[in-house]
């Protein structure tokens, strides 16, 4: 592997711990209106915020119903996954000093409750795409015990205007992180089934994958022609992001790994703790924030999130 550090990272950049005190940090998003990274401490059932301006870490919400992945919608509001509510919800508290105000958008597929939505992206047409593995109903520290009511684990597309929920990916064992390519012609889905939701693993013959899958997006509404882009090792892919050049930034057991759109591994960026998820942020969008076990880390890069390009 050729190390592309000099082209992907700012001169002299190194990983810096900026906050700690979580139990299992997940689901970061940069909120420009607050100049802050909001992320979850799932096992302690709270939402934390790190202020880039003050350098302080505060509790944004306690008893938060085990939120996980989050993103911003077209209006700049937070759309997030709730393991506890088994739902996708919107929180409009994006301005300074605003208290949490989550409202449920969707929590059922037909008559059945969702499993435990895990990660979410909002397309340029406003549709909400999210993954629905079973971690929040099979692991007591991540939600409330429950059953997989529709009998599987899908990636869904939710059309809020029409109030319709459609499965778009049904062939990934444990769909986790997801992201679009810069032009939204491709959808990337991380499979974390190497670590089964039910840790007793009652179905040892089911897949135990640790790959990033890629799909062609057709008419902005369907995902077709699924194939494996690359496997992530050590560990597995959890959260993923795509930059403006189409490169995929993925968490792994011990580092952030960066892949070209062809699947070629470009960079290993070691992190001191087990990594879960990541997001681009900062006033110019070039700071990569990484949530890893107990802490929030950051490093300066030469790039930014593809979403920033699509909506600029």
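Could you please let me know if residue 272 is at pLDDT 95 or above and on the phi < 0 side of the Ramachandran plot? I'd like the intermediate steps shown before the answer.
Values: at pLDDT 95 or above: yes; on the phi < 0 side of the Ramachandran plot: yes.
It is true that residue 272 is at pLDDT 95 or above and on the phi < 0 side of the Ramachandran plot.
Among the residues of region 201-213, none is identified as closer than 22 Å to residue 157 by Cβ and either touching a helix residue (DSSP H, G or I) at 6+ places or on another chain (Cβ under 6 Å) or surrounded by fewer than 19 Cβ atoms within 10 Å (Cβ to Cβ) (or both).
Restricting attention to region 162-195, the residues being within 22 Å of residue 257 (Cα to Cα) and buried (at least 22 other Cβ atoms within 10 Å of the Cβ) number 13.
The selection criterion, being in contact (Cβ under 8 Å) with a residue 12 or more places away in the chain, buried (at least 17 other Cβ atoms within 10 Å of the Cβ) and assigned to a loop (DSSP other than H, G, I, E, B), does not hold for residue 272.
Within region 174-190, none of the residues are in a loop (DSSP other than H, G, I, E, B) and without any contact (Cβ under 8 Å) to a residue 12 or more places away in the chain. The condition of being touching a residue at least 60 places away in the same chain (Cβ under 8 Å), under 15 Å from the mean Cα position of the chain (by Cα) and within 27 Å of residue 159 (Cβ to Cβ) holds for residue 306.
Is it the case, given these coordinates, that residue 266 is buried (at least 20 other Cβ atoms within 10 Å of the Cβ), assigned to a strand (DSSP E or B) and touching a strand residue (DSSP E or B) at 6+ places or on another chain (Cβ under 9 Å)? No: the conditions fail for residue 266.
Answer yes or no as to whether residue 132 is surrounded by fewer than 22 Cβ atoms within 10 Å (Cβ to Cβ) and within 23 Å of residue 218 (Cα to Cα).
On the way: surrounded by fewer than 22 Cβ atoms within 10 Å (Cβ to Cβ): no; within 23 Å of residue 218 (Cα to Cα): yes.
Considered against the rule, which asks whether it is surrounded by fewer than 22 Cβ atoms within 10 Å (Cβ to Cβ) and within 23 Å of residue 218 (Cα to Cα), residue 132 comes out as no.
So which residues in region 124-145 are in a loop (DSSP other than H, G, I, E, B), touching a residue at least 12 places away in the same chain (Cβ under 8 Å) and touching a helix residue (DSSP H, G or I) at 6+ places or on another chain (Cβ under 9 Å)?
124, 143, 144
In region 144-158, which residues are within 13 Å of residue 198 (Cβ to Cβ) and crowded, with 20+ Cβ neighbours inside 10 Å? Before the answer, list the steps.
Of region 144-158, the ones within 13 Å of residue 198 (Cβ to Cβ) are 145-148, 153.
Once the filter is applied, which keeps residues that are within 13 Å of residue 198 (Cβ to Cβ) and crowded, with 20+ Cβ neighbours inside 10 Å, region 144-158 yields only 153.
Do we have residue 198 as modelled with pLDDT under 95 and surrounded by fewer than 19 Cβ atoms within 10 Å (Cβ to Cβ) here? The answer is yes for residue 198.
When region 200-244 is filtered for residues that are touching a residue at least 40 places away in the same chain (Cβ under 8 Å), in a loop (DSSP other than H, G, I, E, B) and under 18 Å from residue 269 (Cα atoms), the ones remaining, listed by number, are 232, 235, 236, 237, 238, 239.
Sort out which residues of region 1-41 are in contact with a helix residue (DSSP H, G or I) (Cβ under 9 Å, 6 or more places away or on another chain), surrounded by 15 or more Cβ atoms within 10 Å (Cβ to Cβ) and over 21 Å from residue 305 (Cα atoms), and write them in order of number.
Initial filter on region 1-41 (in contact with a helix residue (DSSP H, G or I) (Cβ under 9 Å, 6 or more places away or on another chain)): 13, 22-27.
Those still in the list that are surrounded by 15 or more Cβ atoms within 10 Å (Cβ to Cβ) too: 13, 22, 24-27.
Correct list: 22, 24.
The values are calculated or read from the model by the stated rules, or taken from the named source; none is laboratory data. The structure presented is a predicted model; accordingly, all values stated were derived computationally and were not measured. Cβ coordinates were reconstructed from backbone atoms using ideal geometry, including for glycine residues, and neighbour counts include every protein chain displayed.
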